[in-house]
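J.: My questions will all concern the structure given below.
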Amino acid sequence: MKIIIAGDGKVGSMLVRQLSAEGHDLTVIDNDPEALELTMERYDVMSVVGNCASMEILRNAGVEDADLLITSTGADELNLLCCMTAHGMNPNLHTIARIRTPDYFESTYSMRRLFALSLTVNPERQTAREIDRLLRYPGFLKRETFANGLVEIVEIKVDRKSPLADVRLADIGSVVQTHVLICAAVREGKCLSPSGDFVIRKGDRLFVTAPARNLSALLTSIGMAPPKIRDVIIIGGGRNCYYLTQMLLRENTNVKIIESSRKRCEHLAEAFPGATIIEGDASTAAVLEREKIEHADAVIAMTGMDELNIILSMYAKHKEVPQVITKLGRAENLDLLDTLSLGGIVSPKELCCNTITRYVRAMGQQVGGAVTVHAIADGQAEAIEFIVENGTKHVGEPLKNIKIKPNILVASITHGNNLVIPNGDSTFETGDRIVLVSSAGTVIQQLNDIFL
């Protein structure tokens, strides 16, 4: 597929890495020749220097015979203009625009045909939604949903008090009072595919497949079910905070926001009269002590500085806040942070890129193609959902009789509304949904790719 990416920033560079690995023909547009040169050194892509909304630049990038345009520049208006111009030059072109400004949310949705938009992505709103989901189940670091919400893969961390520490995977049923499958583990920054002899250790991060209805039982059985979140402190009053506060206030959650900018505080106070807005520098312990963050049910560090967010989360953990969530703009080196107590980690860039990658795969969908894709284990593995179609091989055969490629695990099979955590005798039928977990570097475009 021929894809043009306009904007070689954080999101653009991550998209280049993901999509080039899948064999797409990529052209990148940016005003910064040095950034483009670095991208071309790392990946097999073409580049064009210039304004992505210019017809001449788009023509040089090959827009007239491209399949997809992704705009991820730092200006929403430029992203919209680029999509409109490109679609005018190629009416068959699919377009995806990153739109971040809250004021544009309604117009870009209701007028998406006028703006020639196939899809819009809003990293900050996605981040807020992800944090809101994590707050509903305190104890999970991440949650990924499949099969129309029937299946989830959740991430938990094993601390020194956890009953899972030093337990063989084959014996986990004696601890967890519900049916689950450990489909991956991260230890010392490395993703592992655990077998029955795998022994869970303190500090491991486990990726667990379970029916969505069993999540509460899972937390209760391992002693990680704190009380419902009622009082939340958000540190940092940017766009992420804006969207999250909207969601939390609708759920009757008490929200306190700490922000250093007086102008931003005034804007938030006007937008959210139901929230408590505190003007103060959260990097000073005096402010945090004055606001008694140790009494909060959850603290969310979402300033514009990753380093400050890390320090704030560690301080909140030290104060034994039940739920801590850390926003990280750059998530390339999560293995370096694995030993730190940061609670749940949310990356707007990663959420945005995963959404776009799913759309790209859906465009190229063949028989048995992927319908949902989530990166897990710090990007070292993928959880992929497929629908079994007429052309799928081995329908009706027990899994124990099917040869599957290495480093691929069948995590769940859904028959209608019935979820099966599979064993060797399990089978799949036409219309079923299958969730697989594969190691990074194993590109699976369609379900039949997993069979030997």
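J.: Among 183, 241, what is the fewest-to-most ranking by other Cβ atoms within 10 Å? Write out the running numbers ahead of the final one.
T.: Numbers: 183 24, 241 27.
Listing 183, 241 from fewest to most nearby Cβ atoms yields 183, 241.
J.: So what is the relative contact order for segment 2-121, in percent, with contacts set as C-alpha pairs under 8 Å and at least six apart?
T.: 23 percent
J.: Hey, could you pull the Cα Rg and Dmax for segment 11-74, both in Å?
T.: Using the Cα atoms of segment 11-74, the pair Rg, Dmax is 11.0, 29 Å.
J.: If you place +1 on the Cβ of every Lys and Arg and -1 on the Cβ of every Asp and Glu, how big does the dipole about the Cα centre of segment 231-321 come out, in debye to the nearest 20? Intermediate results must be reported in sequence, preceding the final value.
T.: Working: 10 positive and 14 negative charges, 33 e Å.
Taking the Cα centre of segment 231-321 as origin, the dipole is about 160 debye.
J.: A follow-up question, please. Order the peptides 149-156, 21-28 from the highest to the lowest mean number of other Cβ atoms within 10 Å of their residues. Mind showing how you got there, number by number?
T.: Details: 149-156: 20.4, 21-28: 17.6.
Descending mean neighbour count gives 149-156, 21-28.
J.: Evaluate 2.2 N^0.38 Å with N set to the residue count of segment 231-321, then give the Cα radius of gyration divided by it.
T.: For segment 231-321, the normalised Cα radius of gyration is 0.98.
J.: Now for a separate question. Using only the Cα atoms, work out Rg/Rh for the chain, with Rh taken as the Kirkwood radius, to two decimals. Could the numbers behind the result be given before it?
T.: Working: Rg = 22.8 Å, Rh = 23.4 Å.
Answer for the chain: 0.97.
J.: Among the lysines, select those whose C-alpha is under 16 Å from the C-alpha of residue 405, and discard any that sit fewer than 8 residues away in the same chain.
T.: Leaving aside lysines fewer than 8 places away in the same chain, those within reach of residue 405 are 393.
J.: Here's a follow-up. Using the Kirkwood formula over every pair of different C-alpha atoms, what hydrodynamic radius in Å results for segment 192-274?
T.: For segment 192-274, inverting the mean 1/r across all distinct Cα pairs yields 16.3 Å.
J.: Here's another thing I want to ask about it. Any idea which of 328, 362, 394 is furthest toward the positive side of the dipole for the chain, if Lys and Arg beta-carbons carry +1 and Asp and Glu beta-carbons -1?
T.: Most positive-ward Cα: 394.
J.: Can you list the trypsin sites (Lys or Arg not before Pro) in segment 94-158 that are in a DSSP coil and have 15 or fewer other beta carbons within 10 angstrom? Spell out each step's value before the answer.
T.: Numbers: sites: 98, 100, 112, 113, 125, 129, 133, 136, 142, 143, 157; in loops: 100, 112, 113.
Hits after loop and neighbour filter: 113.
J.: How much net charge surrounds residue 308 when only the other residues with a Cβ under 12 Å from the Cβ of residue 308 are counted, with Lys and Arg +1 and Asp and Glu -1?
T.: With Lys, Arg at +1 and Asp, Glu at -1, the net is -2.
J.: If you place +1 on the Cβ of every Lys and Arg, -1 on the Cβ of every Asp and Glu, and leave all else neutral, what size is the dipole of the chain about its Cα centre, to the nearest 20 Debye?
T.: 1120 debye
J.: Would you work out the charge dipole size for segment 361-450 about its Cα centre, treating the Cβ of every Lys and Arg as +1 and the Cβ of every Asp and Glu as -1, and quote it to the nearest 20 debye?
T.: 160 debye
J.: Pairs 190/256; 10/161; 157/403; 190/349: which exceed 30 Å Cα-Cα?
T.: On the way: 190/256 37 Å; 10/161 38 Å; 157/403 32 Å; 190/349 21 Å.
With Cα atoms farther than 30 Å apart: 190/256; 10/161; 157/403.
J.: When the distances between all Cα atoms of segment 354-452 are binned every 5 Å from zero, what whole-number percent does each bin get?
T.: 3, 13, 25, 28, 19, 10, 2, 0
J.: Further question: Put +1 on the Cβ of every Lys and Arg and -1 on every Asp and Glu Cβ in segment 375-452; which of 434, 420, 406 then has its Cα farthest towards the positive end of the dipole?
T.: So the residue furthest toward the plus end is 406.
J.: Scattering from the C-alpha atoms of segment 1-120 alone, worked out with Debye: what is log10 I(q)/I(0) at q = 0.10, 0.11, 0.21 1/Å?
T.: -0.26, -0.31, -1.14
Any read-out appearing in this document is the output of simple, stated calculations on the displayed coordinates, not a laboratory observation. Bear in mind the structure is a predicted one, so any value in this text is a computation, not a measurement. Neighbour counts are summed over all protein chains in view; Cβ atoms, including those assigned to glycine, are modelled from backbone coordinates with ideal geometry.
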